[in-house]
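One structure is given here, and the rest of the page talks about it.
Here, each number is a calculation from the coordinates, and none is a lab measurement. Predicted, not measured: the structure shown is a model, and the values here were computed from it. When we count neighbours, we look across all protein chains shown, and the Cβ atoms used for this are built from the backbone with ideal geometry, even at glycine.
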Amino acid sequence: MPDPRLLIGRTVAARFRVTGVLGEGGMAMVSVAEQDEEPREVALKVMNEELTRDRTFVRRFEREAKASSLVVHENSVRIHAWGVSEGLSYIVMELLRGDDLYVLLERGGPISQARAARILTEVCEALEVAHGLGIVHR
């Protein structure tokens, strides 16, 4: 995958201007982008360009977006849009600010059992909605 910072300043799907990088994994990277039509910041997940050439991965990415867009719950990120533009497969999501669990543990060490139970309950509540729709989170 090329350096994710190369997307900064680029506009995806003629609507989402990339302003920063949030993270990256083996299949995709997630950036902060500004949405033109409704001025707001969003999270823009862009599939690795090499994988975009493989129709199987593109279909899987699209299925992920469609399935995720059906899950409406306060503990689940909202999906706003998805598609392929100029060779980039993308998913546009609600931008959530804060630290992920890894950062939380790195910064503060182990969390209490009560806090862990609250976090797990929130995750399970969102998964229950997904499972009710026939969606299995891998």
Based on alpha-carbon atoms only, what is the radius of gyration of the range 90-130 relative to the globular estimate 2.2 N^0.38 Å?
1.43
Taking every pair of alpha-carbon atoms in the range 64-138, give the share separated by more than 18 Å as a whole percent.
54
What are the ³J(HN,Hα) values, in whole Hz, obtained from phi via the Karplus relation 6.51 cos²θ - 1.76 cosθ + 1.60 with θ = phi - 60°, for each residue of the range 20-30 in sequence order, with x given for Gly and Pro?
x, 10, 9, x, 8, x, x, 9, 7, 10, 10
Considering only DSSP states other than H, G, I, E and B, which GluC sites (Glu not before Pro) in the range 47-138 qualify as loop sites with at most 14 other Cβ atoms within 10 Å?
E74, E86
Checking understanding here: applying a Kyte-Doolittle mean of at least -0.5 and a length along the axis of at least 18 Å (C-alpha), which whole DSSP H helices in the chain pass?
113-132
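Report the gain in length on full extension from M27 to R115: 0.36 nm times residue separation, minus Cα-Cα distance, nm rounded to one decimal.
Full-extension gain reported as 28.6 nm.
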Using amide H atoms built 1.01 Å from N in the peptide plane, name the residues 5+ places from R10, or on other chains, whose amide H lies under 5 Å from its own.
V18
Could you give each residue of the range 34-44 its phi-based ³J(HN,Hα) in whole Hz, using Karplus coefficients 6.51, -1.76, 1.60 with θ = phi - 60°, and x for Gly or Pro?
9, 8, 5, 5, 10, x, 7, 8, 9, 9, 10
Qualifying trypsin sites (Lys or Arg not before Pro) in the range 1-75, DSSP loop, other Cβ atoms within 10 Å at most 12
R53
Between S85 and T56, what is 0.36 nm times their sequence separation minus the Cα-Cα distance? Round to one decimal in nm.
8.7 nm
For the range 83-99, 3J(HN,Hα) per residue [Karplus equation, 6.51 cos²θ - 1.76 cosθ + 1.60, θ = phi - 60°, Hz, x = Gly/Pro]
x, 10, 9, 6, x, 10, 8, 9, 10, 9, 10, 4, 8, 10, 9, x, 9
The answer for W82, listing residues at least 5 apart or on another chain whose modeled amide H is closer than 5 Å to its amide H, is V92
Sum of -39500 (n - 2.57) over DSSP H runs of 4+, divided by residues of the chain (222 nm, nearest 500):
-11000 deg cm²/dmol
Taking the Cα atoms of the range 1-131, report the difference between the largest and smallest coordinate on each principal axis, in whole Å and largest first.
47, 32, 31
